[in-house]
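Before any comments, here is the structure.
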Amino acid sequence: MSVTGGSREPPVRVYAVAVGGYFPVRGSHPRVPMRVSGVVRVPGDKSISHRALFLGALARGTTRLRDLLTGADVRSTARILRQLGAHVGPLRPGSTVAVRRGRPRSSRGVLHCGNSGTTARLALGLIAGEGLRARLTGDASLRRRPMARVVDPLRAMGAKISDGAGDRLPLTVHRGGLHGITYASPVASAQVKSALLLAALAGRVPVTLTEPWRSRDHTERLFVHLGLDLRERSGALRYEPSADSPGGFELSIPGDISSAAFLVAAAILAEGGELLIERVGVNPTRTGVLAVLERMGAHVERLNLGAEGGEPVADLLVRPAALLGTEVGAGEIPSLVDEVPVLAALASRALGETVFRQVGELRVKESNRLELVAGNLRALGTAADVRGDDLFVQGGTQPPRGRVETAGDHRLAMAFAVLGTLPGADVRLSERASVAISYPGFFNALKGIGRGARHRD
């Protein structure tokens, strides 16, 4: 049982979970059942971390953020906010990050968003609302991702945004003011919604928004937590500006359920034991993965329910389970879009077929996740197919063996690493450095749950 990694670096052996510890790849797999145990905490929620930094940069006074994710994407947001005049303290694991509004300034240099679509799209809203001039770009992957879904409504609000590559980065935002807008988004996207709300907050203009399905609502919860006038009526969000910016705030970021999902999956595939994942965010717009797992036969128990900054949190208790195939409907996808790769990995071990409906959005993530999930499952011996925008996965029992192309996508690397924990597996990742985007300590955590260790990322 193994996961190996890296065409970009010398091959590094990563050991898979088993009773009493980890076993090397060489030789036949151990004739012992895989077990999990222990207590673990996952990194702070990536979506909330981005949004807390943006709102802290707009607030009066000092904002203090605990358990902020320190991965590469959030570092991109912190870097860009500093370039725009905000004071953002160092991002160190376990430290409290202080954020203060500075004097907003246009950027003379290019703002580089790295691999982070959230950074780029939310920054477009903030910069347009502040009336600044700035040019944004990103890495090769991000420059392929669509930006029109944010640029078009911002232009409708009066933003002047020019580009040289259609609806892709690089993009330049020019100085100018905004006006209010009523906008029906054609896609269910928390990034679109958040960009427009940040633009409205910074530009002090009203905005009314609707979307075809309910997307994650972290921005709305933070607005309400800060006392801003945001209300939902008849399925539409309505923000009314106030004379003052929100005051500085304190926030403890819950654990990211998207990161927790990989450890949940590893525990479900185990042959014994149980795993406790502490203080995970269980926002209803993010827990679609738990609902699907329940239908597949895995019960993830929620303990010690509480709240942080308007966000529900809970400890998750996970035990191994036999899985059944299911159908995931289009209306469920916004609440689990980031978890489709790991759910597809689990579906490859379920009895029967699992279908994911209308997941075409996965084509414009950090990679073409839709085609890569199907292709990588086939490379490991699983029957998987994409038909239009639907993904079909047929479960099986043969140990997964083969090479996985991650295309530098953190969620693909982690999803297929989970399959590498199965007895007899030989999963070779093309790289594993990408996990630093959202879960820098992932491989140590995956190793630790087989040793019964207490691990905090």
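The values are calculated or read from the model by the stated rules, or taken from the named source; none is laboratory data. Quick caveat: nothing in here was measured; it's all calculated off a predicted structure. When we count neighbours, we look across all protein chains shown, and the Cβ atoms used for this are built from the backbone with ideal geometry, even at glycine.
Would you say residue 167 is part of a helix (DSSP H, G or I), acidic (Asp, Glu) and surrounded by 14 or more Cβ atoms within 10 Å (Cβ to Cβ)? Spelling it out, it is not the case that residue 167 is part of a helix (DSSP H, G or I), acidic (Asp, Glu) and surrounded by 14 or more Cβ atoms within 10 Å (Cβ to Cβ).
Would you check if residue 351 is touching a residue at least 40 places away in the same chain (Cβ under 8 Å) and surrounded by 16 or more Cβ atoms within 10 Å (Cβ to Cβ)? Judged against the criteria, residue 351 is not a match. For the stretch 260-267, the criterion of a residue being under 23 Å from the mean Cα position of the chain (by Cα) and at positive phi is satisfied by no position. Selection of the stretch 197-231 for residues being more than 24 Å from residue 258 (Cβ to Cβ) and buried (at least 23 other Cβ atoms within 10 Å of the Cβ) yields 199, 200, 201, 202, 203, 207. From the list 94, 85, 131, the lone residue that is surrounded by fewer than 21 Cβ atoms within 10 Å (Cβ to Cβ), of a type outside the set (S, T, N, Q), assigned by TED's automatic domain parsing to the domain that holds residue 175 and on the phi > 0 side of the Ramachandran plot is 131.
Out of everything in the stretch 386-419 that is within 20 Å of the chain's Cα centre (by Cα) and among the acidic types (Asp, Glu), what residue ends up being nearest to residue 362 (Cα to Cα)? Among them, the one singled out is 409. The set of residues in the stretch 266-291 being in contact with a helix residue (DSSP H, G or I) (Cβ under 9 Å, 6 or more places away or on another chain) and of a type in the set (Lys, Arg) consists of 286 alone.
Being at positive phi, among the charged types (D, E, K, R) and touching a strand residue (DSSP E or B) at 6+ places or on another chain (Cβ under 6 Å) is a property that holds for residue 67.
Among the residues making up the stretch 147-164, those that are under 13 Å from residue 191 (Cβ atoms) and surrounded by 16 or more Cβ atoms within 10 Å (Cβ to Cβ) are 147, 149, 150, 151, 153, 154.
Residue 143 fulfils the conditions (1) surrounded by 18 or more Cβ atoms within 10 Å (Cβ to Cβ); (2) within 21 Å of the chain's Cα centre (by Cα) except for a single criterion, (1). Residues in the stretch 103-129 that are touching a Cys at 6+ places or on another chain (Cβ under 7 Å) and of a type outside the set (A, V, I, L, M): 119 only.
Just for the stretch 334-369: of the residues that are β-branched (Val, Ile, Thr) and part of a helix (DSSP H, G or I), which one is farthest from residue 382 (Cα to Cα)? Lay out the reasoning, then the answer.
If we filter the stretch 334-369 for residues that are β-branched (Val, Ile, Thr), which is where we start, we get 337, 340, 342, 354-355, 359, 364.
Retained after the next criterion (residues that are part of a helix (DSSP H, G or I)): 337, 340, 342, 364.
Values: 337: 21, 340: 16, 342: 14, 364: 24 Å.
Only one residue fits best here, namely 364.
One residue alone among 259, 194, 234 is buried (at least 21 other Cβ atoms within 10 Å of the Cβ) and more than 30 Å from residue 447 (Cα to Cα), and that residue is 194.
Condition check ((1) part of a helix (DSSP H, G or I); (2) at pLDDT below 95; (3) under 24 Å from residue 253 (Cβ atoms)) across all residues:
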| site | (1), (2), (3) |
| --- | --- |
| 158 | no, no, no |
| 196 | yes, no, yes |
| 212 | no, yes, no |
| 220 | yes, no, yes |
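Quick grid of which residues meet (1) in contact (Cβ under 8 Å) with a residue 24 or more places away in the chain; (2) closer than 30 Å to residue 319 by Cβ; (3) touching a helix residue (DSSP H, G or I) at 6+ places or on another chain (Cβ under 6 Å); (4) not polar (S, T, N, Q):
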site	(1), (2), (3), (4)
192	yes, no, yes, yes
221	yes, no, no, yes
230	yes, no, yes, yes
235	yes, no, no, yes
241	yes, no, no, yes
252	yes, yes, no, no
256	yes, yes, yes, yes
264	yes, yes, no, yes
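In summary, residue 18 fulfils each of the numbered conditions (1) farther than 26 Å from residue 314 by Cα; (2) over 25 Å from the mean Cα position of the chain (by Cα); (3) modelled with pLDDT of 50 or more with the single exception of condition (3).
Listed by first and then second residue, the pairs linking a residue in the stretch 31-50 that is more than 29 Å from residue 191 (Cβ to Cβ) to a residue that is at pLDDT 90 or above and in a strand (DSSP E or B), with Cβ atoms under 7 Å apart and 6 or more places separating them unless they lie on different chains, are 35/273; 36/273; 36/275; 37/273; 37/275; 38/275; 39/276; 39/278. The listed residues are 124, 136, and the only one of them that is buried (at least 22 other Cβ atoms within 10 Å of the Cβ) and assigned to a strand (DSSP E or B) turns out to be 136. Does residue 395 count as in the same structural domain as residue 338 (by TED's automatic domain parsing), surrounded by fewer than 16 Cβ atoms within 10 Å (Cβ to Cβ) and farther than 30 Å from residue 44 by Cβ? Here the answer is no, as residue 395 does not meet what is asked.
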